[in-house]
Every structure is written in structure tokens, then in C-alpha cells.
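Enquirer: Below is the structure I would like to discuss, written out as C-alpha cells.
The values are calculated or read from the model by the stated rules, or taken from the named source; none is laboratory data. Keep in mind it's a predicted model, so treat the numbers as computed, not measured. In this analysis, Cβ positions are derived from the backbone assuming ideal geometry, glycine residues included, and neighbour counts consider all displayed protein chains.
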Number of protein chains: 2
Amino acid sequence: MYLTQGLHRCLQKQPDTIATIAGERRQTYRMLALRVAKLAGAFGALGIARGDRIAYLGLNSDCYTEFYFATFWAGAVVNPVNTRWNASEIAYALNDSGSRVLLADAIIVPMLDEIRAMVPDLRHIIWIGDSGQPDGTLDYEALIDENLPVPDVRCGGEALAGLFYTGGTTGFPKGVMLTHRNLVTSALGAGLMRFIHPATTFLHAAPMFHAGDFSGWLITAVTGGTHVTVPAFSPQAVLSAIEAHRVTDTILVPTMLQMLVDARELKDFDLSSLRHIGYGGSPVSDAILMRAQQALPGVALCQAYGQTELSTFATMLMPEEHIPGSPRLRSAGRAVVHAEVGVVDADDHFLPAGKIGEIVARGGHMMVGYWNKPEETALALRNGWLHTGDMGRLDDDGYLYIVDRLKDMIITGGENVFSTEVENALARHPAVAACAVIGLPDEKWGERVHAAVVLKHGTVASAGELRDHVKTLIAGYKCPQSIDIVDALPVSGTGKVLKRALRERHLSRTN
Amino acid sequence: MYLTQGLHRCLQKQPDTIATIAGERRQTYRMLALRVAKLAGAFGALGIARGDRIAYLGLNSDCYTEFYFATFWAGAVVNPVNTRWNASEIAYALNDSGSRVLLADAIIVPMLDEIRAMVPDLRHIIWIGDSGQPDGTLDYEALIDENLPVPDVRCGGEALAGLFYTGGTTGFPKGVMLTHRNLVTSALGAGLMRFIHPATTFLHAAPMFHAGDFSGWLITAVTGGTHVTVPAFSPQAVLSAIEAHRVTDTILVPTMLQMLVDARELKDFDLSSLRHIGYGGSPVSDAILMRAQQALPGVALCQAYGQTELSTFATMLMPEEHIPGSPRLRSAGRAVVHAEVGVVDADDHFLPAGKIGEIVARGGHMMVGYWNKPEETALALRNGWLHTGDMGRLDDDGYLYIVDRLKDMIITGGENVFSTEVENALARHPAVAACAVIGLPDEKWGERVHAAVVLKHGTVASAGELRDHVKTLIAGYKCPQSIDIVDALPVSGTGKVLKRALRERHLSRTN
């Protein structure tokens, strides 16, 4: 089980099939395999050995597919970096993973000096941008030109394939360790379930550094489909790409799905090739589902629930289960073919259907641990089950309903935001005495980040000033979209902030 | 990745779905899971610990499914025994595997004392037959009644799941070691390819101890379908079962497929539920394919090529590639989604398309080795590839054509027969000076076993007498169906018997 296997199969079965399309640029599997073998040679020449980490900071492009395959070909480990992070967050992931080489596009330019200063062990930055190559970086195309192809080390099984950083409750991201076995299992299982269809023309519309889009990359890579990329999501870009390249499948977060079906330009495009949209992150509302079914007749919707720690998913709500008005539309579906799912109480005893507890899952797709975090790993994987931190219940037919999150986490536009991290940033402002960050329902983003702040006696700070302060510390999407200055936070008898009370107080006020 | 996962999922998703049907007997997944947990308890009470081997010698039945699941549930290792072997062969597999417990039906009765005498370490025989329970055996139903259900040990991944004995070139069978990872990978990949359809009503028509049928068992077990069994293949039994239980999928060897489509009773049955027949062992002829397409319109045929060492298969010829008159119908199809396939020369260098060499394959489905045979294991798995012992070539689109077998092996009616084993048996007759065993083309069986024998000077022995002698030593299906008494065998300069010359001599004579 190794992730370059699909590339070898394509080279044998269909060398002249188109492997990647990025704008006007397209290449066959034969061309891709040669570039991958040469890029792996370049990695070797740069001192990359088996098990070394290689990071990627860039928008969606065909380079991402070359990077994934070439890293696996060299026996190394991918570290896809969130493009919406600021320099400190990126530096943290690069330092924590010990990445020696970073591929980067124009996104890095404003942060380049800062990142270099903060990541002393970073040996090389490979420039994958189109123009304006910064000094001191290596040119991607020149590296591929100059290096000879090397044989695939065919490293797989229990070998580490990737470190995927996800937000952490302590305010620092954790590197989720996924092996070749994890990822191949996930791809085969998801392919069997037709989460997206095998051997398809897949559009990377969501960010490729995301576990969600990566699951689409995996199925396409394992079954030998065509990867189409748009640099970033916009309804216009996605609709154009679907029409131009006869895209059959894509994966979106619900916010993107809504923007797509509500786009005025929708009717101007020929979307007849589109068969299937996978989505995840949160259930889709009846209203959006009905608009989607009207706007995209014949397109099947499939929901998946999971997290990076599960090589993305554990349950699926199948296309035939997407019935407007059905209560199951509020569920996350049932266990996928490669997973087992359960609900446990605080003592890790399994609960019967109907009872609410923490959602746990296990199977060949379950991460082997968090990078350099044995305690967090032991806690997350106790008793051999991945503890998701989400609260939920199962019904009598095995449908899973997510009712709350144990981890204090907000999902906004498909991104995880840990409240603690935002609270830590707020608390560093000299005027802030106490604060609490919660997620509030949002029509467009699923949830939005909201903060309640108590100021220190005798100080003054506006909501705008507090937001500007937070933005200097963490990525923009994590900053509170609204801030209430309050006299006091609701606290429990033991002094713990009652976030549920805060949420309810806010909701009753706005209704 | 553990093989009881599908059972747990069914218990959660569809406890009232029918899991097994054997004649009039049927049970739901809820009932099956309870019986499995109790049978695993019984195994524990009989002293079975993790990693211990449990053997099964019996015709197809629902007990087979209970045996598989209960053994995995207990963390033990299955050892399905070929029902066509004689007592010595069975004793060899039981001794070599060190099986402590054997489940057996009426097949064992005539050999019981002999097996007991030859397998001193066999502690318990569990009687799964309907009536006539032999003295000193344990009753299957009583064991399930008397024991309490135990929790699933959920042993999986690299843990051994089964020892599957296949004929050996040295005359002794080798135990192919397959892990949970091997078997789950194979099931997910084959399910993704739709070798048989997931969540199906699957008919076990071929012997369940066979790797071929076992691959159907795996897909059905992983995706939660219904297992229908007939004790043994006959057109009448298969046709009745398809009609009675609305069977959707089955796996046959070409001989069975031919017998089925040529059966006079075919038109008397409602076969409208049947969607899919997987077959393997050898390509199907144009004539049979056309008869199948005529007799079973709307039934898709899918061919798989492989061997037990590959958790059954490495390539597949898909339904849409079954075009009468197409030269690709003579191929074994292309690499499956979980495998990589190649052709190498005698120095293990990969050969380009068109060149004939030994077929090799690798992937997560590749066996971990032969039980207690480190040298044979190292040889078979050299350079990380499974060497199949079959000669073949690839075409420019990755289709694999099998041209000959390196291993001196005959496939008759889907069973592997190693020439050496038959030659060893023949040579033990006092009148035999030299002999050579080859496979000759056979309309019904694919190949049939043929022997050429040189008698010792001054001795006399008829073909019938030689066959009777061989039958006392090895299974009936391995005995030569025809024997020529000849003056001399064709030999090479180095004294090696030229089997190809023998085959050609015979074929030219009969044409």
C-alpha cells in the first residue's frame, strides 16, 4: 500500500490520459510521471532522505499533485500548509514538523523574511510561483529540468505519508500523522462508497491543503482520474472550470455549495458533465438542498463527517438519503465501509442508540498519532478508538447525529477555529480582563466567530481596536467577526465560563 | 483494519437484515453476531488463544461464515481445508499449521481415525454435520448454547487472519499467510472495482475453502450483504438458489460457468435477480461467453487473475471488456486498484510491453509469507514483489496475457495440481521407471491431468492399475485422467524432461 501505486498503474494502463489541468496547462500521466521522478531526484539532490518532511504553501495548482507524488516517490513526508495562516502559525508548523524544504508561491512573499527568521532549520525554499521569484529561492522548473529521474523507493504501509496540522485546543496546531496505509484505506473505502466516483475528472475547488479536498485527491490518484485545479474557490472560477474541462466530481464545504447554487452566473454555464458533489464540515439545510437540486438537477450530493485524524471521514450520508424534509438530512449518515463508529460516555463505555456521548471511531484510516505529542496521542487514541471530541448520538439504524462539540471549536466556512487560540490572542491586549469566544450560527459560513470581552477597570478599547490587535497574532479567518463588550461573563459555581449560556443569551437577544 | 468490522457495522446499521441463508435456515445479522460471540467464547473455553489456528473441513454452509467471524472475533487464525484432499493431505495441513481445533462435517467420517492417528496435537474436533455425530467429537450447537458471548478482541492490521494451503512444487502444500490488512485491502479494492457488487446477495457456489470464493465472502462481509450457500456446486442447486433467494452475485470457475449456461434446466428458473458473475482461473472462450450472454442476458461477467498469495487477485477484465471476438478476451485484464503488476526477466529486471517474462505483483494484498518456510518466502517475495510463477506479457495498454506457467502446474476445474506431486505418487509404484505429468487442454475442465510413464524393464502395469495406486496417495482430482505407457520420455541435453515437447507430441497426435 503506497500512494505512488496509482501513478505506476496509469503509466502502464493509460499513459496518454490527461493527469492534471491547471488553466491552460495540461499534462498526460506519462509527462506527470517523468516530472515526478525528476522532482524526486531534485529532492534527493537537496538532501531529502526517507522520512524527511517537505512543506507546501500555495494555492491550488497542478504543482500540488506533482509535490504529493514526488514526495511519496522519494519516500518523504508531505506537510501541506494552510494558506490562510499568518507567519507565526506557518513558522510553528514548519518548526514543529522539522520541514527542511518548502515549496511556496506568491502567498509567501509578504511573510518571507519573517518565516526565514523564525524557521532557522529551513534549508531551501522552492519557488512555484509564476513570476517575481524572490532572491535566495530555488526555481521549481529549473530543478525539474536539471535533475535526472530517480526510481520510486515504493515506500508505503506503516511509513509516514503526511503531517497534517490541525488547530489545537491548547492554541497550537497538532501534526496529525497519517501513514500510506491510512490514506490508501481511506481512498479505497471512499471509492467503494462512491463518495466521489472513481476514475473521474475531479475539480479541486476547496483548498488542497485541506483534508477534505485531499480525500478527493486520494481517490482520483488511486483510481487514475484527471485533477483539475482552480487557484481558489469562487463561483465564477468553479463554473468556468466545470464547463471547460467537463468536470464530473468535486468536494465543497457547505458555504461553497451555497455560494455556487445561489450564483447568478450559474445558468450561463453548461454543467451537464457534473455528476457528484461531496461535501462535509456540517449538514446542509433543507433550503440549500432544494436549491441545489433545482439548480443542478441530476447532480448527486453526498455528505461525509470526520476529521483529519480519520484520514478525513468516518460516516457518510449517501445521495439517496438526501430527501428534503427527511429528519436524516440532519444526520451525518452512517459508518463508511472502512470504519466503525460508536458513542461513549465519560468512562469510555459504549452507549446504546439514543444516548448522547462522545463520538469515537476506528479502522485502518485512523491516524497513528500526533507528531511529537505522545500524551495527546494517548488521550485521543485511548482504548484503541479515536476520540473525536464531538458529542453525538446514534439512532436505531446507525445514523449519527452530531449534537455538540466537546472540544471548544468553531467551524466557519469549513475551517476549524479553536476558541482557546482566539481567547489567548484577545487576552494579550492590555485592556482585556476576561473573554470568551463562541461560534454563532451564520447563514453563509455555518458558524461565525464571536467574542464577549470584559475590560479591565478604568481601561477603554473598542471592538475594532481589539480585532486589529488579534489580527496581528492569528489568521484573519480566526478573528472575531463580532465582539461584545460586557460587564461580566456567565460563570459556573466553579468559575468556569458557561459558553452554552453565553450562546443562548446571544441567540435569544437576536431573535 | 479487522475483519469483524463489517459485522459490527451491520449490527449497528441493519441488525434485521438477513446475514446467511443455507437451505431453509436463515438468520439476521443480530442473530449471527450473537452466535459468533458465543462461538468465540467456546473457542476460548477450548483453550484457543490469540494467533492459534482453527481448521475447517466441510462443504459450503452458513457455519463457514460463523467459523470465519468467530475465529477473527477470538483473534485466532482460520485454516480452511480442501474437502477434496485425502487423509494424508489433510493431516499434513493440520500438522503443518499446528491447528488445535478442527470443525468438520460428514466429509471427515471415512477418514476420522486416520486423521486422528496422524495429527496427534489436534485437541478437539467440533462436529458441524447434521446427523451421525462420531464419538469423541464436540457438538457445534451445544457449544454455542453452553457458552457466553465474549467481547471481540478486534485483532487486526498486521495480525495473521488465515493460513490458506496451496499445492507446492515440492509436492507438499504451503500455508499462505494472509493478514487482516491483506484481506481488508483486497475486499475494499475488489469492491471498488465492482468485481462483485457491494451489499449484495452473494451465492457461495464454488467451494468456500477456495481463495476465489473467499474473495466473494470478503466483499460480502465487509459491505454487509447476504451469504447464500449451496453445499456443493451443481447447476440444479445453483439455479434453484438463485431463484429462491433472489441472488444478485456469484463467483464461478469457468468450468462451472460452462456447466451453468449449458444446463438444460436453465430456462425453467427465474434468474432475473442475477446481475453479476465473477470468474477466474482461466479465460473464458468466445463460445462460452456468447452462450452466457444469450442464456443470461443482462448479467455482467468479470474475470479476475491472481493467486492465493495475492489475497486472490491482481488483474481484472471488466464487464465492458467482455466483447465477443475481441483479442482482449484472451487477456486477464489490467491491474486492479489495489495492485501493481509487472513482467520481469530471469534477473528480475522489468520488461517493456510485448516481452514475455515472469508475472510479478505487489500491493497491500500481497501475502506476508509462507508459514514456516522462510526460504520459499524469500524466493517468492524477492525485491518486494510477489513472483507468481506464471509467464506472461503486457500490451501497450497494460492488459496482461498469461502465456505459460513457470511452476509446473495444471489447473483442472479451478483446482491447482502440481505435476511433481502426481509424479512422486506415480514413481512410488514398483513398476514405474520414469514418468512425466502434464496438463492437456480439456473442453470441460480447462485442463486435465495426463501422465506419460516408462515402465521398468521386465515389469507390467496397466494404466488402470497405476491410477488405482495414485489414488491411494493423493486426492482423486489430482490423479491422471489418462496415462500413456511409453518407451522413453523426450529429454533435453542435460537430461531434463521436455514437457513442452511431450505436450506438443500429444496434441499433434490427437488432432
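Enquirer: Could you list, in sequence order, all residues of the range B:1-19 that are more than 7 Å from every other protein chain (Cβ to nearest Cβ), buried (at least 24 other Cβ atoms within 10 Å of the Cβ) and among the polar types (S, T, N, Q)?
Expert: Of everything in the range B:1-19, just one residue is more than 7 Å from every other protein chain (Cβ to nearest Cβ), buried (at least 24 other Cβ atoms within 10 Å of the Cβ) and among the polar types (S, T, N, Q), namely B:Thr4.
Enquirer: Of all residues in the range B:217-239 being closer than 30 Å to A:Gly398 by Cα and away from chain A (no Cβ under 14 Å), which is surrounded by the most Cβ atoms within 10 Å (Cβ to Cβ)?
Expert: Taking the range B:217-239 first, the residues closer than 30 Å to A:Gly398 by Cα are B:217-229.
The next check asks that each one be away from chain A (no Cβ under 14 Å); those that pass are B:217, B:226-229.
Numbers: B:Trp217: 22, B:Thr226: 21, B:His227: 26, B:Val228: 29, B:Thr229: 26.
The selected residue is B:Val228.
Enquirer: Further question on the same structure: Of the residues that sit in the range B:309-330 and are of a type outside the set (Gly, Ala, Ser) and buried (at least 23 other Cβ atoms within 10 Å of the Cβ), which one is farthest from B:Leu163 (Cα to Cα)?
Expert: Looking at the filtered set, the residue picked out is B:Leu317.
Enquirer: Further question on the same structure: I'd like the residue in the range A:271-284 that is without any contact (Cβ under 8 Å) to a residue 40 or more places away in the chain and crowded, with 16+ Cβ neighbours inside 10 Å and, out of all such residues, is nearest to A:Ala244 (Cα to Cα).
Expert: Step one: filter the range A:271-284 for residues without any contact (Cβ under 8 Å) to a residue 40 or more places away in the chain, giving A:271-272, A:274, A:277, A:279.
Keeping just the survivors that are crowded, with 16+ Cβ neighbours inside 10 Å gives A:271, A:274, A:277, A:279.
Working: A:Leu271: 9, A:Leu274: 12, A:Ile277: 18, A:Tyr279: 22 Å.
The extreme case among them is A:Leu271.
Enquirer: Looking at the range A:219-247, which of its residues are of a type in the set (S, T, N, Q) and either more than 27 Å from A:Phe72 (Cα to Cα) or assigned to a strand (DSSP E or B) (or both)?
Expert: Answer for the range A:219-247, where residues must be of a type in the set (S, T, N, Q) and either more than 27 Å from A:Phe72 (Cα to Cα) or assigned to a strand (DSSP E or B) (or both): A:Thr226, A:Thr229, A:Ser234, A:Gln236, A:Ser240.
Enquirer: From the list A:Leu473, A:Leu426, A:Leu455, exactly one residue is surrounded by 16 or more Cβ atoms within 10 Å (Cβ to Cβ), among the hydrophobic types (A, V, I, L, M, F, W, C) and either over 27 Å from A:Gly413 (Cα atoms) or in the same structural domain as A:Pro254 (by TED's automatic domain parsing) (or both). Which is it?
Expert: A:Leu455
Enquirer: Right, something else. Does A:Val77 satisfy the condition of being crowded, with 23+ Cβ neighbours inside 10 Å, modelled with pLDDT of 95 or more and either out of contact with any Phe, Trp or Tyr (no Cβ under 7 Å at 6 or more places or on another chain) or farther than 15 Å from A:Arg154 by Cα (or both)?
Expert: Yes, satisfied.
Enquirer: Could I ask something else about it? What number of residues within the range B:369-386 are crowded, with 16+ Cβ neighbours inside 10 Å, in a loop (DSSP other than H, G, I, E, B) and either of a type outside the set (Phe, Trp, Tyr) or more than 14 Å from chain A (Cβ to nearest Cβ) (or both)?
Expert: Qualifying residue count for the region: 3.
Enquirer: If the requirement is being closer than 16 Å to A:Ile410 by Cβ and either surrounded by fewer than 17 Cβ atoms within 10 Å (Cβ to Cβ) or aromatic (Phe, Trp, Tyr) (or both), which of these qualifies: A:Ser462, A:Ser482?
Expert: A:Ser482
Enquirer: Every residue in the range A:340-353 that is more than 13 Å from chain B (Cβ to nearest Cβ) and part of a loop (DSSP other than H, G, I, E, B), please.
Expert: A:Asp345, A:Ala346, A:Asp347, A:Asp348
Enquirer: On to the next question. Check the range A:69-86 and report whether any residue there is within 14 Å of chain B (Cβ to nearest Cβ), in a loop (DSSP other than H, G, I, E, B) and more than 23 Å from A:Gln133 (Cα to Cα).
Expert: Yes, the range A:69-86 contains at least one residue that is within 14 Å of chain B (Cβ to nearest Cβ), in a loop (DSSP other than H, G, I, E, B) and more than 23 Å from A:Gln133 (Cα to Cα).
Enquirer: Check the range A:176-185 and report whether any residue there is closer than 26 Å to A:Gly414 by Cα, assigned by TED's automatic domain parsing to the domain that holds A:Thr312, surrounded by fewer than 24 Cβ atoms within 10 Å (Cβ to Cβ) and not β-branched (Val, Ile, Thr).
Expert: Within the range A:176-185 (the criterion being closer than 26 Å to A:Gly414 by Cα, assigned by TED's automatic domain parsing to the domain that holds A:Thr312, surrounded by fewer than 24 Cβ atoms within 10 Å (Cβ to Cβ) and not β-branched (Val, Ile, Thr)), the answer is yes, since at least one residue qualifies.
Enquirer: If I filter the range A:288-339 down to residues being in a loop (DSSP other than H, G, I, E, B) and without any contact (Cβ under 8 Å) to a residue 12 or more places away in the chain, which single residue comes out as farthest from the other protein chains (Cβ to nearest Cβ)?
Expert: Taking the candidates together, the pick is A:Pro297.
Enquirer: With the requirement that a residue be free of Cβ contacts under 8 Å to residues at least 60 places away in the same chain and under 21 Å from A:Met318 (Cβ atoms), what does the range B:1-45 give you?
Expert: B:Leu11, B:Gln12, B:Pro15, B:Asp16, listed by residue number.
Enquirer: Could you pull out the residue among A:Met118, A:Met208 that is more than 22 Å from A:Gly364 (Cβ to Cβ) and crowded, with 24+ Cβ neighbours inside 10 Å?
Expert: Just a single option satisfies the conditions, and that option is A:Met208.
Enquirer: Just a yes or no: is a residue in the range B:29-48 farther than 14 Å from B:Met208 by Cα, assigned to a strand (DSSP E or B) and at pLDDT 95 or above?
Expert: no
Enquirer: Moving on. Suppose we keep only residues that are in contact with an Asp or Glu (Cβ under 8 Å, 6 or more places away or on another chain) and surrounded by fewer than 21 Cβ atoms within 10 Å (Cβ to Cβ) within the range A:240-269. Which one would you say is nearest to B:Thr315 (Cα to Cα)?
Expert: It comes out as A:Glu243.
Enquirer: Restricting to the range A:387-439, name every residue that is part of a loop (DSSP other than H, G, I, E, B), free of Cβ contacts under 8 Å to residues at least 60 places away in the same chain and within 14 Å of chain B (Cβ to nearest Cβ).
Expert: A:Asp396
Enquirer: Confirm whether A:Phe214 is in a helix (DSSP H, G or I) and either within 14 Å of chain B (Cβ to nearest Cβ) or in contact with a helix residue (DSSP H, G or I) (Cβ under 9 Å, 6 or more places away or on another chain) (or both).
Expert: So A:Phe214 passes the test.
Enquirer: If you take the residues of the range B:444-471 that are under 23 Å from the mean Cα position of the chain (by Cα) and in a loop (DSSP other than H, G, I, E, B), which of them is modelled with the highest pLDDT?
Expert: The extreme case among them is B:Trp445.
Enquirer: Condition (residue is assigned by TED's automatic domain parsing to the domain that holds B:Phe164, at pLDDT 95 or above and within 23 Å of B:His322 (Cβ to Cβ)) applied to the range B:250-266: is it met by at least one residue?
Expert: Checked the range B:250-266: at least one residue is assigned by TED's automatic domain parsing to the domain that holds B:Phe164, at pLDDT 95 or above and within 23 Å of B:His322 (Cβ to Cβ).
Here is a yes/no grid of residues against (1) away from every other protein chain (no Cβ under 14 Å); (2) within 30 Å of A:Asn372 (Cα to Cα); (3) outside any strand (DSSP E or B):
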{"residue": "A:Asp113", "(1), (2), (3)": "yes, yes, yes"}
{"residue": "A:Ala142", "(1), (2), (3)": "yes, no, yes"}
{"residue": "A:Asp152", "(1), (2), (3)": "no, yes, yes"}
{"residue": "A:Gly156", "(1), (2), (3)": "no, yes, yes"}
{"residue": "A:Phe164", "(1), (2), (3)": "yes, yes, no"}
{"residue": "A:Ala190", "(1), (2), (3)": "no, yes, yes"}
{"residue": "A:Pro198", "(1), (2), (3)": "no, no, yes"}
{"residue": "A:Phe202", "(1), (2), (3)": "yes, no, no"}
